[in-house]
Amino acid sequence: MTELTRLSAAVLAEKLRAGEVSSVEATQAYLDRIAAVEPAVHAYLHVSAQEALATARDVDERRAAGEELHPLAGVPIAVKDVVVTQGMPSTAGSKILEGWVPPYDATLVERIRAARMPILGKTNMDEFAMGSSTEHSAYGNTHNPWDLDRIPGGSGGGSAAAVAAFAAPLAIGTDTGGSIRQPGAVTGTVGVKPTYGGVSRYGLIALASSLDQAGPVTRTVLDSALLHELIGGHDPRDSTSIPEPLPDVVGAARQGALGDLTGVRVGVVEQLQGEGYQPGVQARFEESLELLKEAGADVVEVSCPHFEYALAAYYLILPAEASSNLAKFDGMRFGLRVEPEEGPVTAERVMAATRGAGFGDEVKRRIILGTYALSAGYYDAYYGSAQKVRTLIQRDFAAAFDQVDVLVSPTAPTTAFKLGEKLDDPLAMYLNDVATIPANLAGVPGISVPNGLSDDGLPVGFQVLAPAKADDRLYRVGAALEAALEARWGGPLLDRAPELG
Ligand code: GLN
């Protein structure tokens with residue numbers, strides 16, 4: 001592998017600016033790396049080599065002509081396939097969208113293109129972002145670069161695996177219940193779920209509109225901040241977009257890297273540790289807490305009693321919203337259309353045949369759950385109750401943030417499990433997100449920072465949560481932890497991953 005693909009995006013951007021390397025060289029290095037590792041990893045559903053190189057050539061020409069460019073201009077990026085990209089397939093990991101080429105760009109893609117970042121391709125994911133392992137993709141499994149027999153997390157396993165395998169310096173993920181942070185934890189990468197409304201949802205293929213957020217998947221905390229700054233901020237095309245400037249996430253990451261957390265109050269969530277968490281995950285978590293204390297933080301324990309019910313509430317609210325969002329895949333408007341094998345070709349029968357053939361088992365399961373939870377007579381008992389629990393969780397966060405600046409927990413209870421291990425047990429699969437889901441229900445931001453290897457030699461993640469619109473705190477604490485850990489390890493965690501390709 002060429003050394004170019006091992007650079008952080010921030011360092012690569014510096015080298016591009018200084019003229020030490022061209023965007024064509026960097027982009028070609030990544031395309032070569034993709035060709036070398038994709039047979040083993042399968043992080044991508046679509047690689048857009050020609051288009052990426054064309055953007056790179058254009059950037060190099062503009063730079064040579066002295067044009068003022070965005071700091072990330074020329075740095076390649078991969079995009080999760082749930083984000084629509086004009087002229088480039090966007091399947092959301094589903095058969096029902098096979099062959100659909102969107103006629104427009106998501107707002108965040110517009111911003112990436114405006115910054116002149118070459119788009120390497122679209123990454124694999126669980127169908128419609130439902131899952132924690134990427135095994136629910138209709139297009140095959142993605143393999144964890146740390147151990148090819150294991151899952152890369154989900155739903156954004158493709159983005160995380162691409163970044164961990166040095167097959168992209170940056171990637172976009174989406175996080176509805178943990179799909180950026182949990183893949184980050186199990187692949188040794190950094191993942192950020194911004195505050196709800198902090199990054200435009202315009203052009204995301206919606207899973208659960210009140211929970212979905214797009215965010216960065218990277219190898220360093222600073223890289224996430226740089227990408228967050230680019231894609232974040234107000235967008236009039238998303239009615240839930242926050243009409244205020246983004247906090248200074250890049251400044252916070254740079255400040256955090258200096259390693260001083262004096263006066264920062266850190267709350268350890270009592271309910272998000274202990275039983276059910278793998279001993280190695282718990283041990284790394286406690287070591288990281290010591291590092292935060294050494295950096296000057298005040299670490300206290302905080303109770304969020306309703307977090308216990310977060311998973312149950314999420315699996316009513318999410319299916320309810322998803323069942324409504326997925327109603328548009330009817331065999332008429334997008335992608336797949338299947339006609340009934342016999343009998344009349346009515347709209348309803350085409351719809352049934354298309355949805356029967358086009359959706360996978362997990363998607364069908366959630367549509368059935370969601371329509372049931374919303375049906376007359378059951379609404380109050382299920383959906384209505386779940387919304388009340390959601391309010392209680394929001395109040396737990398509010399009370400906790402009266403006492404502390406950030407909350408922390410392990411990102412995921414275990415390291416990457418074996419492919420196939422939990423495929424037939426939806427509840428076991430859902431449990432992976434116990435620690436990440438509360439943030440989505442409350443709309444608060446969260447980051448996962450790689451904080452070591454468990455006893456099985458696989459990466460684990462440390463989660464930091466902050467109040468809504470205080471995303472900068474994630475970066476300050478995350479960068480301080482990253483700096484302390486790398487000083488101890490003598491380099492990034494990913495240096496210890498097995499060599500591929
Ligand atoms: N794993 C969770 C689920 O299956 C989260 C998914 C997500 O964040 N998109 O719903």
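The values are calculated or read from the model by the stated rules, or taken from the named source; none is laboratory data. Fair warning: this is a prediction, and the values are worked out from it, not measured in the lab. In this analysis, Cβ positions are derived from the backbone assuming ideal geometry, glycine residues included, and neighbour counts consider all displayed protein chains. We work out accessible area using only protein heavy atoms, side chains counted, and drop any ligands, DNA or RNA first. Shrake-Rupley method; radii C 1.70, N 1.55, O 1.52, S 1.80 Å.
See the values below:
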read-out	value
Filter pass, residue 417 being away from the ligand (no atom under 16 Å from the Cβ) and at pLDDT 95 or above	no
Condition broken by residue 402, with the remaining ones in (1) under 30 Å from residue 262 (Cβ atoms); (2) out of contact with any Asp or Glu (no Cβ under 9 Å at 6 or more places or on another chain); (3) open to solvent by less than 60 Å² (accessible area, probe 1.4 Å) satisfied	(3)
Residue match in segment 368-379 (condition: buried (at least 24 other Cβ atoms within 10 Å of the Cβ), within 16 Å of the ligand (Cβ to nearest atom) and either touching a residue at least 40 places away in the same chain (Cβ under 8 Å) or within 25 Å of residue 215 (Cβ to Cβ) (or both))	yes
Residue list for segment 204-232, restricted to those being away from the ligand (no atom under 16 Å from the Cβ) and under 20 Å from residue 116 (Cα atoms)	218, 222, 223, 224, 225, 226, 227, 228, 229, 230, 231, 232
Subset of segment 235-250 [in contact (Cβ under 8 Å) with a residue 12 or more places away in the chain and open to solvent by 20 Å² or more (accessible area, probe 1.4 Å)]	237, 240, 242, 244, 245, 246, 247, 248
Filtered residue count, segment 261-294, keeping only those that are of a type in the set (Ser, Thr, Tyr) and within 19 Å of residue 450 (Cβ to Cβ)	2
Residue that is among the acidic types (Asp, Glu), at pLDDT below 95 and either surrounded by fewer than 23 Cβ atoms within 10 Å (Cβ to Cβ) or within 23 Å of the chain's Cα centre (by Cα) (or both), where the choices are 294, 275	275
Filter pass, residue 320 being open to solvent by 40 Å² or more (accessible area, probe 1.4 Å) and not in a loop (DSSP other than H, G, I, E, B)	no
Failed item, numbered, when residue 440 is tested on (1) part of a loop (DSSP other than H, G, I, E, B); (2) within 16 Å of the ligand (Cβ to nearest atom)	(1)
Those residues of segment 153-185 which are out of contact with any Gly (no Cβ under 9 Å at 6 or more places or on another chain) and more than 12 Å from residue 77 (Cα to Cα), in sequence order	176, 177
